[in-house]
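What follows is a short report on a single structure.
The values are calculated or read from the model by the stated rules, or taken from the named source; none is laboratory data. Worth saying up front: this structure is predicted, and the values here are computed from it rather than measured. Backbone-built Cβ (ideal geometry, glycine too); neighbour counts: all protein chains shown. Each accessible area value is taken on the protein alone, full model and side chains, heavy atoms only, with ligands, DNA and RNA left out. Shrake-Rupley method; radii C 1.70, N 1.55, O 1.52, S 1.80 Å.
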Amino acid sequence: MDSDEFRMWSRRVADWGVDYRESLRERPVRARTKPGDIARQIADSAPETGEPMEAIFADFERIVPDGLTHWQHPRFFAYFPANAAPASVVADYLVTAIAAQCMLWQTSPAATEMETRVVDWLRQALGLPAGFSGVIQDSASTATLAAVLVMRERALKWAGNREGLSAHPAVRVYASEQVHTSVDRAIWISGIGADNLVRIPTRGALYGMDPEALDAAIRADLASGLLPAGVVACTGGTSIGACDPIDRVAEVAHAHGLYVHVDAAWAGSAMICPEFRTLWQGIGEADSIVFNPHKWLGAQFDCSVQFLKYPEEQVRTLAIHPEYLKTHGHDGIINYSEWSVPLGRRFRALKLWFLMRHHGLEGLRTMIRNHVAWSVALAGRLAAEPDFEIVTEPVLSLFSFRHRGGKDADRHNLALVQAINDDGRIYLTQTRVGGAIAIRFQAGQFDMTRDDMDVAFATITDVARSLK
């Protein structure tokens, strides 16, 4: 592809992207394809000779869009959002065109220094103390893994990477049932083992970890000769928005010398609004915090920020210094690959720089406040309907509900979710609360309006009536 073709196709793809976004409300949110429908349209083997871009792009338009669940659809109310505000998308075009490998300061000084600055913008916006530094990871899963590895190394007096785990007592990590499964995976990958992830009971309306039960579990493990290492707490858990009492959890953990990591992957974005910060009271006591600007804040995926009180501990855990990665003649520089599990790094800071400059913090706050208000309003409208019950009250913009109908409540509500998603106007998911199926609703898509909330109410109630 020569420069003229590159220019033409870059413009054409950009135009297609704008047209695609404008068409989303006309599309069903969830893909309607069946397993194998897409694969049957793709050749079994790669071509031996090159094909014209026109033919490739025609096949893309024929095969791909109808085979997608549209995460940028304004009525995507399932899971959590994976927002990509247009300003962020434009920045990612530039990142893709530049194609820099940003593993070290010397391989991309602009990427490193912009990352330092925009992460501190976010620290200030969230109201975190000045002592925190930060790094942009690919996902909250990677940030949580890094935090668990630091917990492990601190508990093993920095000998785990060298000696392995077999020479030491079993390392123990504590969390409630409400944390994301990325915590389980971090425990597996770190070698700590699922049997050493201790589940602490929850209590209260926010399903928060019981600090007294945490203290008792740590003391019991110490008495048994085990090695407590850290606590993973959550603010805005994925299932129903559970929030641990961070201040009291941290007090217990630090009294025993344990590391505290807080997963605020979704809810952390809302903390740019001061009125929501009661949900993570005491957050300044955490050792590590992760939140995903690529969820609710509007940054193009992938973009997850980890804040660290003592970044030198993460560097000590993860950094390796072969000669070919050393930067000679520059003291005091930051190489963010030493803060991360992967060596390779994209220029993720650019999309945050574009996003925050284009919308401003007040614009982003307005979006989040609207989503919260609209979700609360929808919960109220459903609660007033005779056959609906609110199972968990809104935490920010997330709540769960159930419809009464049929002899088997779980089967009925699963059928309702499926029918709603087949309808195509909105997309929801289910969870379990107290062992029973509940339907989740979360508002968070960047382009959502109040009218989209009205469509959600109409769809849920219309489909529920049709199942009677």
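Calculated from the alpha-carbon coordinates, segment 35-134 shows an Rg and a Dmax of 20.3, 58 Å respectively.
Taking every lysine pair in the chain that is 8 or more places apart or spans two chains, those with Cα atoms closer than 28 Å amount to 10. Taken over segment 274-322, the percentage of Cα pairs per 10 Å bin, counting from 0 up to the bin with the maximum distance, is 21, 38, 33, 8, 1. Per-residue Karplus couplings for segment 216-228, computed as 6.51 cos²θ - 1.76 cosθ + 1.60 with θ equal to phi - 60°, are listed in order as 5, 5, 5, 4, 5, 5, 4, 5, 8, x, 8, 10, x Hz, Gly and Pro entered as x.
The average projected area of segment 248-381, computed from the convex hull of its Cα atoms over all directions, is 11.1 nm². For segment 144-225, the square roots a ≥ b ≥ c of the C-alpha gyration tensor eigenvalues yield an a/c of 1.5 or more together with a/b not exceeding b/c, which makes the shape oblate.
Taking a ≥ b ≥ c as the square roots of the eigenvalues of the alpha-carbon gyration tensor, segment 1-94 is classed oblate because a/c is 1.5 or more while a/b is no larger than b/c.
For segment 282-295, the Karplus equation 6.51 cos²θ - 1.76 cosθ + 1.60, evaluated at θ = phi - 60°, returns couplings of x, 4, x, 8, 5, 8, 8, 9, 10, 9, 10, x, 7, 8 Hz by residue, with Gly and Pro reported as x. Centroid-to-centroid, using Cα positions, segment 71-131 and segment 144-206 are 28 Å apart.
Against the empirical curve 2.2 N^0.38 Å, the C-alpha radius of gyration of segment 206-275 lands at a ratio of 1.21.
Relative intensity of segment 150-291 on a log10 scale, I(q)/I(0) at q = 0.16, 0.18 Å⁻¹, equals -0.78, -0.98, per a Debye sum over C-alpha point scatterers of equal strength in the absence of solvent.
Could you tell me the center-to-center distance, by alpha carbons, between segment 48-68 and segment 370-386 in angstrom? Computed from Cα coordinates, the inter-centre distance equals 42 Å. Rounded to the nearest Hz, the phi-derived 3J(HN,Hα) couplings of segment 104-117 under the Karplus curve 6.51 cos²θ - 1.76 cosθ + 1.60 (θ = phi - 60°) are 10, 4, 5, 7, 6, x, 4, 5, 5, 6, 5, 4, 4, 6, where x marks glycine and proline.
Each listed q (0.15 Å⁻¹) maps to a log10 I(q)/I(0) for segment 77-119 from the Debye sum over equal C-alpha point scatterers, namely -0.52. If you take the alpha carbon atoms of the chain and fit the smallest convex hull around them, that volume is 182 Å³ per residue. With only the Cα atoms considered, segment 324-455 has a convex hull volume of 192 Å³ per residue. Selection among Q430, A146, L94 by position relative to the dipole of the chain gives Q430 as farthest towards the positive end (Cβ unit charges, Cα centre).
Rounded to the nearest 500, the helix-only mean residue ellipticity at 222 nm of the chain stands at -13000 deg cm²/dmol, with each DSSP H run of n ≥ 4 adding -39,500 (n - 2.57).
Taking the inverse of the mean reciprocal distance over all distinct Cα pairs, the Kirkwood hydrodynamic radius of segment 393-468 comes to 12.9 Å. Heavy-atom surface analysis with a 1.4 Å probe gives segment 44-93 a carbon and sulfur content of 60 percent of its accessible area. Taking a point 7 Å from the Cα of D59 along the Cα-to-Cβ direction, the residues of segment 1-42 with backbone N closer than 15 Å to it are 38-42. May I ask for the percentage of alpha-carbon pairs in segment 59-185 that lie more than 19 Å from each other? Pairs farther apart than 19 Å: 72 percent.
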